[in-house]
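In what follows, a single structure is set out as structure tokens and then discussed.
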Amino acid sequence: MSSRRVSGIRIAFVSSSVPRRCGIATFTADLVAAVRTADPTAICRLAAIDEPAVLRQYASEVRWRIRQGDPDSYRAAARAINGSNADVVNVQHEFGLYGRWSEPVFANGRWSDSVYEDYFRGFLEELRKPVVTTMHTVLPRPSPSIRETVRGISELSDEIVVMASTAVGLLANDYGLATPPRVIPHGMPVIDPHGRNNFKRKLGVQGRTIISTFGLVDPRKGLQYMIQAMPAVVARYPDALYLIAGQTHPDLLRMQGEEYRNSLVAETRALRMDHHVAFIDNYMSQRDIIDLLLATDVYVTPYLDPNQITSGTLSYALGAGKAVVSTRYMHASEALDDGRGVLVDFRDPSGLGRAVIAILGDPAAKAALEQAAFAYARDATWPQSARTFLDIMGALRDSGPRSRGTIRLPQGLYDIGRRLTENPLLTAADVRPSSPGLEVVSVSNAAAALVDGEVVLLLRVGERPQSGVQPPPDALTLDLSGPEPKLQPLRPGLTADQVVGMAFLDTQRAVPGVVEVFLPRDLPGLDLSDPRSIRYRNLTGGFTAAADDVSDLLTQMSHLRVARSRDGIHFTVDDAPSVMPANRMEEYGCEDPRAALIDGLWHVTYVSVSRLGISTSRLTTSDFRSFERHGLMFLPDQKDVVLFPGRVGGRYAALTRPMPQSFGRVLGVWIAFSDDLVHWGGHAPLALPRQGMWDGLRTGAGTTPFRVPQGWLEIYHGVDRSTRYALGAILLDADDPSRVIARSPEPILVPTAPYERKGLYDDVVFTCGHVNLDAEGREIRVYYGAADSRLAAADFTVGEILDQMRPC
């Protein structure tokens, strides 16, 4: 399968989760870790399934909980995931986690069959996100209830994944599925299969011949049969030691205590094998498992369920290049075929003993088994499995939301903008870097003005150190461990793909200047999950990090640059920046300008970004060739500030967007007033997010408000729970703009075009300015940033915008 770009994908996993002791939880933890390694920008969150009456403390990645056996809880989790910003969902399916079997009943002279009651269907029916279901169990010759359950899963899932080719045939022949599932082998660590004697010393079993089995202990493992085989093995190899590693399965422990483990100990003593059978009664971490496997001479899975289609322990043993003896369950029959292992009958101690003895007695045959096992497993390591998994998830994300169960609005109620056929109008390739060591990565979010017959755009231009270029010998990095970042030399030997570059304004110099630095990607605490930012968490210990242990940096540094056009479509961009960062409040850049014409002078508000916060500054110009700075307008954190063009009711007015970090953290449009454009008061909320709607997560002002007969019309942006940025409108009272008259019930522009769907930040249309297309202002052209990467435009009929709005 070809690799596709899935950067920044957000995946919601539904599964049991560590610290719950079960194979599915461990598998999911390993898969999540592998996904994050394969794509450091991937964001993984979990819906954890808990047993009834069990309460666990999970890591922060667990965002939702499901009460196992409670049908309403599965549906509630689906609704919660629908309201999140997850792109895709992956369900790790095992029948016991998503339903229950009824007890057989004796009636009319016969026992009824056990019937499976499926709770997973309710989850899938409620879900509105693309979903991949990974089936850990596929039973041959299914009962009618199991067959119907699996057919329902196939019908309601976008993709089915299994871990063995055998399952493909079963689903076709025994379940009648027409669409074949995808096969992704059970992942396993990348293990170097050397150093057996070193690891024996580490485990304290040097000089012994080690036979081992690991995993949660329960009767289905058939461990007693290998114990019964040990007298024969010891007769030939007196130093043989059978290690049984793992805790008792928690479900078995709740129901029967240590009855099964005690029976194994009693069996060992009865056979006088106390010196040749040992139990490691601990939960095995991945490192512990690898150490055990590397010390093992022969690995054994004497399991009793012939229908077991997946075994993580067998996969790990193959990945470690072990000679394996196993019973003929389905996964083992497939994986150990063609000379990759030795298969024996179920419940056959003699067969197990003979197979182990034969392997130990023939070093050449043992080496051949080990080589064949390791070669087979190379294509099933966690890195390989994660890449295949990400390809599938990325394809689903790119195909857009699922159509099943969604409600389509009548044509014309939303997305009424007429996009220019020339879109995108400007891209990074159209802008010259501000210095030789930088590259332009984005051009977007432009203020717009009509000046002397020209359309003038004041662009936000984002730059970073050139990518793919080896850091120079004198390259710098930042020491982020202290209260203030400090420049220091980058350690030598790092290649281009081992660092992430950024630029910032160093105001500690006598003459402030832009500095290019490179941060090692392996720096502990570095979070690159958001392509727009770099987050560093100072790993000072403890269970949680204090707020001051987190530092936020930006992957690109922005400045403002002018572009001019006679037709409003084809633009010439200035060769040099118009407004560069100039002080400590702008050390990370100047962003998102808006321009308002007040008394013949253009007043430009823009976002100033630094470690001290996100604030708003103001400058003025008459021609967009020279600019006068007026400093900060509002303290951090404040952005999306837009001035009204002139006084309203005798006062200046501005739309603002404070960014509170306490309590509800509601991010919405406010309004403020001033007598002099310097001192501001009368702050009040104006257009806050609306739960369950297209602007349910946050809102922010966009264009400069403009007069229409009904009042002031403002084009603003709204963000929904999937973090999609769309545009809508607010109608404000002409004399009292703190009063909202009407608002868009649906967006007037949503990300649908490819240049809006994919970019530095996907699914974004974000405006900072518009111009009139006629003298009366009946038609307007809105310029907007697309996917935080490029600039586009759409034309609107103002009457259509007003007709679409609803009274507040």
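The values are calculated or read from the model by the stated rules, or taken from the named source; none is laboratory data. Every value quoted in this text rests on a predicted model; they were computed, and no experiment measured them. In this analysis, Cβ positions are derived from the backbone assuming ideal geometry, glycine residues included, and neighbour counts consider all displayed protein chains. Just the protein is used for accessible areas: all its heavy atoms, side chains included, with ligands, DNA and RNA removed. Shrake-Rupley method; radii C 1.70, N 1.55, O 1.52, S 1.80 Å.
What whole-number value in Å² describes the accessible area per residue of the chain for a 1.4 Å probe?
Averaged over the residues of the chain, the accessible area is 43 Å².
Please figure out what share of the DSSP beta bridges in the chain is antiparallel and state it in percent, rounded to the nearest 5.
Percent antiparallel among DSSP bridges in the chain is about 70.
Consider the candidate values [x] 35.3; [y] 40.5; [z] 44.4; state which one is mean projected area of the Cα convex hull in nm² computed from the structure displayed.
[y]
Just the Cα atoms of region 216-308, one point each, no solvent: what log10 I(q)/I(0) does Debye give at q = 0.13, 0.21 Å⁻¹?
-0.46, -1.18
Which three semi-axes in whole Å describe the equivalent ellipsoid of region 610-742, each the square root of 5 times a Cα gyration tensor eigenvalue, listed largest first?
Values for region 610-742, descending: 23, 20, 14 Å.
Any idea what angle helix 71-82 forms with the longest principal axis of the chain, computed on alpha-carbon atoms, 0 to 90 degrees, nearest 10?
40
So how far apart, in nm, are the two label points at Val666 and Gln470 if each is 7 Å from Cα heading toward Cβ?
5.7
To one decimal place, what Kirkwood hydrodynamic radius in Å is obtained for region 119-254 from all pairs of distinct Cα atoms?
19.0
Under 5 Å between amide hydrogens, which residues at least 5 positions from Arg65 or on another chain qualify, with H placed 1.01 Å from N in the peptide plane?
When sequence neighbours closer than 5 places are left aside, the close amide H contacts are Ala48.
At a Cα cut-off below 26 Å, give the lysines reachable from Lys639, other chains included and same-chain residues fewer than 8 away excluded.
The qualifying lysines are Lys758.
With r defined as the distance between the Cβ atoms of Asp675 and Arg182 and R0 fixed at 60 Å, what FRET efficiency is calculated, to the nearest 0.05?
It comes to 0.35.
Quick one: with all protein chains in place, what share of the accessible area of the chain is carbon or sulfur, to the nearest percent (1.4 Å probe)?
Here it works out to 51 percent.
Helix-derived [θ] at 222 nm for the chain: sum -39500 (n - 2.57) over DSSP H runs of at least 4, divide by residue count, nearest 500?
Per the formula, -6500 deg cm²/dmol.
Return the aspartates and glutamates within reach of Lys200: Cα separation strictly under 12 angstrom, same-chain partners fewer than 8 residues apart disregarded; answer none if there are no such residues.
Partners found: Asp291, Asp297.
Using a basic spin-label model with each label point 7 Å from the Cα along Cα→Cβ, how many nm lie between Leu55 and Leu528?
If labels sit at Leu55 and Leu528, their model points lie 4.1 nm apart.
What is the set of long-range amide H partners of Arg10 at a cut-off below 5 Å, with H atoms built 1.01 Å from backbone N?
Ile43, Asp87, Val88
Residue by residue through region 739-756, which ³J(HN,Hα) values in whole Hz follow from phi under the Karplus form 6.51 cos²θ - 1.76 cosθ + 1.60 (θ = phi - 60°), with glycine and proline marked x?
With the stated coefficients, region 739-756 comes to 9, 8, 8, 8, 8, 6, x, 9, x, 8, 8, 10, x, 10, 6, x, 6, 9 Hz.
By how many degrees, between 0 and 90 and to the nearest 10, does the Cα long axis of helix 223-236 differ from the longest principal axis of the chain?
60
For Tyr303, enumerate residues with amide H under 5 Å from its amide H, sequence gap 5+ or separate chain, H modeled in the peptide plane.
Here Thr327 satisfy the definition.
Hey, what did the chain get for relative contact order, percent, Cα under 8 Å, at least 6 apart?
It comes to 9 percent, rounded to a whole number.
Between Asp497 and Asp398, what FRET efficiency comes out of the Förster formula 1/(1 + (r/R0)^6) with R0 = 35 Å and r the beta carbon distance, rounded to 0.05?
0.90
Using only the Cα atoms, work out Rg/Rh for region 40-81, with Rh taken as the Kirkwood radius, to two decimals.
We get a ratio of 1.02 for region 40-81.
How do Phe663, Phe214, Phe374 stack up against each other in accessible area, from largest to smallest, with a 1.4 angstrom probe?
Result of the area sort, largest leading: Phe663, Phe374, Phe214.
So what J values fall out for region 129-134 if you push phi through Karplus, 6.51 cos²θ - 1.76 cosθ + 1.60 with θ = phi - 60°, rounded to Hz, Gly and Pro as x?
Listing the rounded values in order: 9, x, 9, 10, 9, 9 Hz.
Just to confirm the number: angle between the C-alpha axis of helix 23-38 and the first principal axis of the chain, 0 to 90 degrees, nearest 10?
The angle comes out near 50 degrees.
Using Cα-Cα distances under 8 Å and only pairs 6 or more residues apart, what relative contact order does region 300-378 have, in percent?
The normalised contact order for region 300-378 reaches 36 percent.
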